[in-house]
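Notes follow the structure.
The values are calculated or read from the model by the stated rules, or taken from the named source; none is laboratory data. The structure displayed is predicted, hence computed values, not measured ones. Here the Cβ positions follow ideal geometry from the backbone for every residue, glycine too, while neighbour counts run over all protein chains shown.
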Amino acid sequence: MDKIIECSSYIKRNVKWLNNLLSNKSIEEILGDYGLYNAVLYVLQSSIEALIDIMYRTIALMGEKPPSSYSDAPFILAEKEILENKAIGKINELVGLRNILVHRYTELNREVIADVLVNRKYLDIYHYAAKILKNALKEEK
């Protein structure tokens, strides 16, 4: 459980950093600054990976078989009523973004990152991490 809490705290710090960055810099400034842009990419990637870690560890704590892929994890958690069904699609979109960031399947379109920042889609990472943590703590009792 400690690792789940640690990952959740990490995500929370990253979300706070992104919020602070967006309150001080315009999207154009962020996208145009090589260092800032790459920092944002890393923060997004590592935050999504922390969410994946939270899902996997929660599934293990429940004694369930590990998912065969990252995209299977939210299905298992929804099946166990740790997440609602509508979370599956949103989490899998985040996993897809992580895959693009890590593997560079396609040339990363800056508009995708701009959309994540402008529409504050990164808040979903923390929202789902907190929801899983809350429900995992209930399960532990």
Ile125 vs. criteria among the aliphatic types (A, V, I, L, M) and in contact (Cβ under 8 Å) with a residue 60 or more places away in the chain:
yes
Hits in region 32-64 (condition: assigned to a loop (DSSP other than H, G, I, E, B) and not hydrophobic (A, V, I, L, M, F, W, C)):
Asp33, Gly63, Glu64
Tell me, which residue of region 51-66 that is more than 15 Å from Met1 (Cβ to Cβ) and at pLDDT 95 or above is farthest from the chain's Cα centre (by Cα)?
Ile52
Taking the options Lys3, Lys16, name whichever one is at pLDDT below 95, part of a helix (DSSP H, G or I) and of a type in the set (D, E, K, R).
Lys3
Region 53-111, residues that are β-branched (Val, Ile, Thr) and surrounded by 14 or more Cβ atoms within 10 Å (Cβ to Cβ)
Ile54, Thr58, Ile59, Ile76, Ile82, Ile88, Ile91, Val95, Ile100
Inside region 68-118, can you point out the residues that are under 16 Å from Tyr128 (Cα atoms), of a type in the set (Gly, Ala, Ser) and either touching a residue at least 40 places away in the same chain (Cβ under 8 Å) or touching a Pro at 6+ places or on another chain (Cβ under 8 Å) (or both)?
Ala73, Ala87
Does region 112-132 include one or more residues that are under 22 Å from Asp53 (Cβ atoms), within 17 Å of the chain's Cα centre (by Cα) and modelled with pLDDT under 85?
no
Could we say that Glu29 is among the charged types (D, E, K, R), out of contact with any strand residue (DSSP E or B) (no Cβ under 9 Å at 6 or more places or on another chain), part of a helix (DSSP H, G or I) and more than 18 Å from Ile125 (Cβ to Cβ) here?
yes
